[in-house]
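Enquirer: My questions will all concern the structure given below.
The values are calculated or read from the model by the stated rules, or taken from the named source; none is laboratory data. This one's a predicted model, so the numbers in the text were calculated from it and none came from an experiment. Neighbour counts run over all protein chains shown; Cβ positions are idealised from the backbone, glycine included.
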Amino acid sequence: MGRRIPQDKKFVSDVHIIDIAEEGKGVAKQDELVLFIEKGVPGDIVDVELMRKKKSFAEGRVVTIKKASEHRVEPFCPHFGVCGGCKWQHMSYDAQLLFKQQSVDNALKRLGKVDTSGIEPILGSEQTEYYRNKLEFTFSNKRWLTSLDETEQPDDMNALGFHVPGRFDKILDIDHCFLQQDPSNTIRNTIRAFATANAISFYDLRAHEGALRNVIIRTASTGEVMLIVVFAYPEEGQVEALMSHLAEQFPEIVSLLYIVNQKLNDTIFDQEIEVYRGRDYIFEEMEGLKFKVGPKSFYQTNSKQAYELYKITREFADLKGDELVYDLYTGAGTIANFVAKSAREVVGVEYVPSAIEDAKINSEINGVHNTKFYAGDMKDVLTADFVATHGRPDVVITDPPRAGMHADVVNRILEMEAPKVVYVSCNAATQARDLALMQDKYEVVRIKPVDMFPHTQHVENVVLLQLRSQA
């Protein structure tokens with residue numbers, strides 16, 4: 001438990017870490033006070049420096065490890081603890097899966113009043129490094145200085161990397177990132193070196209000045225690569241100089257694009273995309289199905305594990321070939337097209353119009369003719385008239401964003417009374433909230449967590465609900 005913390009004390013010794021919270025912080029209890037400890041691992045006994053103290057909780061960081069947890073491992077990335085990504089790297093992957101399974105179980109049981117006694121073992125990711133197919137890096141002329149940098153007083157203050165947590169204007173320069181396969185690191189470092197050698201300015205996030213703003217790299221399981229360079233205020237000739245250099249250095253890039261974005265924010269969804277070389281899309285592939293992925297497309301960022309997630313979703317749906325399926329929050333229609341061959345018809349609904357256009361194209365290029373897609377706010381599209389027009393579904397698949405489903409959507413699902421609902425979620429807490437709203441009509445019969453993002457606290461969860469007997 002550790003010693004009681006006096007009001008004015010900044011350090012506390014012999015703290016036993018008993019759990020792990022979101023954002024990767026260890027959890028300890030001190031009398032009535034809960035401690036959230038940066039880089040703490042359950043099982044550690046540590047000395048802690050308190051950084052912030054409130055009435056019921058305090059935040060701190062590990063100063064000394066008195067006894068290391070059996071779950072503690074050496075982080076493999078030199079940027080660990082500074083860049084804000086991969087916050088569980090100091091924990092073994094087996095332990096990560098254990099705590100992810102536990103977090104899903106706790107959320108469903110505590111918030112959803114769900115019987116979790118039959119929860120299935122979490123499906124781990126076969127790949128725990130280089131598993132992402134998309135990364136975005138930011139340029140800055142005011143890079144974040146580590147303690148080593150401050151000692152050396154560097155002349156070069158440019159950075160191309162990730163935002164430091166809590167600082168919109170500070171970027172940590174990344175040498176090697178373990179999240180995305182090659183040529184991702186080589187592309188990023190080549191851009192940085194060329195810009196430095198040719199005096200192309202890096203963006204000033206406060207003053208909104210400078211030539212280079214962002215780099216987005218997409219790599220597909222097919223081996224295809226997309227690169228998007230986002231400029232802000234380039235000088236004459238700089239766009240051509242950099243893009244021609246990249247075209248020459250990386251002939252494997254099949255989609256070489258650029259954007260000139262002079263807005264105050266980094267979003268590209270309202271920006272015009274310029275094709276420098278190749279096409280404006282790449283292809284992903286899954287079970288022989290091709291999925292067209294453009295610069296603005298949504299696609300699950302762990303391609304291999306997405307395939308496993310979709311297989312579980314299809315297994316839970318247990319389609320026989322004659323069912324009408326509603327795929328809510330369909331995105332680019334990936335799940336809809338994936339299950340279509342096992343269904344009579346799939347009707348997909350999604351908020352983003354461009355995603356629905358991608359969904360239609362994905363059906364077309366795969367020769368899938370039994371899908372229909374509609375764009376609009378789910379609560380506005382999924383009306384009684386919509387159901388009357390398309391028919392009452394036999395199966396509903398729903399994969400909402402982190403906020404979960406709007407109450408109106410939950411109510412519509414309850415009104416439709418589909419015999420089966422497969423609920424895919426990236427947030428067990430909001431999923432549990434929605435399940436609680438559905439418990440009078442639906443019984444939870446299967447639960448399967450899936451790890452899509454190793455070394456982070458994020459976890460997907462698939463739940464199969466069955467309509468209770470109305471007798």
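Rundown of residues vs (1) among the aliphatic types (A, V, I, L, M); (2) in the same structural domain as Tyr329 (by TED's automatic domain parsing); (3) part of a helix (DSSP H, G or I), yes/no style:
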position	(1), (2), (3)
Asp380	no, yes, yes
Phe386	no, yes, yes
Arg392	no, yes, no
Pro401	no, yes, no
Asp408	no, yes, yes
Asn411	no, yes, yes
Glu415	no, yes, yes
Val445	yes, yes, no
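Enquirer: Which residue is surrounded by the fewest Cβ atoms within 10 Å (Cβ to Cβ), if the candidates are limited to the range 375-404 and must be among the acidic types (Asp, Glu) and without any contact (Cβ under 8 Å) to a residue 60 or more places away in the chain?
Expert: Ranking the candidates gives Asp385 first.
Enquirer: Here is a check on your reading of the model: is Glu287 among the charged types (D, E, K, R), surrounded by fewer than 18 Cβ atoms within 10 Å (Cβ to Cβ) and without any contact (Cβ under 8 Å) to a residue 24 or more places away in the chain?
Expert: Criteria not met by Glu287.
Enquirer: Let me ask another. Quick check on the range 311-343: of everything there that is among the small types (Gly, Ala, Ser) and under 20 Å from Asn366 (Cα atoms), which residue is surrounded by the fewest Cβ atoms within 10 Å (Cβ to Cβ)?
Expert: The qualifying residue surrounded by the fewest Cβ atoms within 10 Å (Cβ to Cβ) is Gly321.
Enquirer: Looking only at the range 278-296, count every residue that is over 20 Å from Glu252 (Cβ atoms) and either more than 20 Å from the chain's Cα centre (by Cα) or not in a strand (DSSP E or B) (or both) and tell me the total.
Expert: Adding up the residues that qualify gives 4.
Enquirer: Checking the condition modelled with pLDDT under 95, more than 19 Å from Gly333 (Cα to Cα) and surrounded by 18 or more Cβ atoms within 10 Å (Cβ to Cβ), which residue from Thr456, Thr430 passes?
Expert: It is Thr456.
Enquirer: Only one of Phe36, Phe80, Phe57 is touching a Phe, Trp or Tyr at 6+ places or on another chain (Cβ under 8 Å) and either under 24 Å from Leu123 (Cβ atoms) or crowded, with 16+ Cβ neighbours inside 10 Å (or both); which?
Expert: Phe36
Enquirer: Moving on to the next point. So which residues in the range 386-443 are under 21 Å from Gln457 (Cβ atoms), touching a helix residue (DSSP H, G or I) at 6+ places or on another chain (Cβ under 7 Å) and not polar (S, T, N, Q)?
Expert: Asp399, Arg402, Ala403, Gly404, Tyr423, Val424, Ala428, Ala429, Ala432, Arg433, Asp434, Leu435
Enquirer: If you scan the range 379-400, which residues turn out to be of a type in the set (S, T, N, Q) and within 9 Å of Tyr326 (Cα to Cα)?
Expert: Thr398
Enquirer: On the given criteria, is Asn214 assigned by TED's automatic domain parsing to the domain that holds Gly161, in contact with a Ser or Thr (Cβ under 6 Å, 6 or more places away or on another chain) and surrounded by 13 or more Cβ atoms within 10 Å (Cβ to Cβ)?
Expert: Yes: the conditions hold for Asn214.
This table checks each residue for (1) of a type outside the set (Val, Ile, Thr); (2) in contact with a Leu (Cβ under 9 Å, 6 or more places away or on another chain).
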site: Leu111; (1), (2): yes, yes
site: Leu123; (1), (2): yes, yes
site: Arg132; (1), (2): yes, yes
site: Phe137; (1), (2): yes, yes
site: Cys177; (1), (2): yes, yes
site: Thr186; (1), (2): no, no
site: Ala193; (1), (2): yes, no
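Enquirer: I'd like the residue in the range 167-216 that is aliphatic (A, V, I, L, M) and under 21 Å from the mean Cα position of the chain (by Cα) and, out of all such residues, is farthest from Gly237 (Cα to Cα).
Expert: Among them, the one singled out is Leu179.
Enquirer: Here is a follow-up. For the structure I just gave you, tell me whether Ala388 is within 26 Å of the chain's Cα centre (by Cα) and of a type in the set (Gly, Ala, Ser).
Expert: Taking the combined requirement at face value, the residue does not satisfy it.
Here is a yes/no grid of residues against (1) among the β-branched types (Val, Ile, Thr); (2) closer than 22 Å to Gln466 by Cα:
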site: Ser342; (1), (2): no, yes
site: Glu345; (1), (2): no, yes
site: Val352; (1), (2): yes, no
site: Asn370; (1), (2): no, no
site: Asp377; (1), (2): no, no
site: Leu382; (1), (2): no, yes
site: Arg392; (1), (2): no, yes
site: Asn411; (1), (2): no, yes
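Enquirer: When you look at Val450, is it within 30 Å of His79 (Cα to Cα) and either of a type in the set (Asp, Glu) or modelled with pLDDT of 95 or more (or both), yes or no?
Expert: yes
Enquirer: Tell me, which residue of the range 136-157 that is acidic (Asp, Glu) and at pLDDT 60 or above is nearest to Ala195 (Cα to Cα)?
Expert: Asp156
Enquirer: Taking Leu382, is it more than 23 Å from the chain's Cα centre (by Cα) and closer than 25 Å to Asn461 by Cβ?
Expert: Answer is yes for this residue.
Enquirer: If a residue must be surrounded by fewer than 23 Cβ atoms within 10 Å (Cβ to Cβ), in a helix (DSSP H, G or I) and touching a residue at least 60 places away in the same chain (Cβ under 8 Å), how many such residues does the range 344-371 contain?
Expert: Result for the range 344-371: 3.
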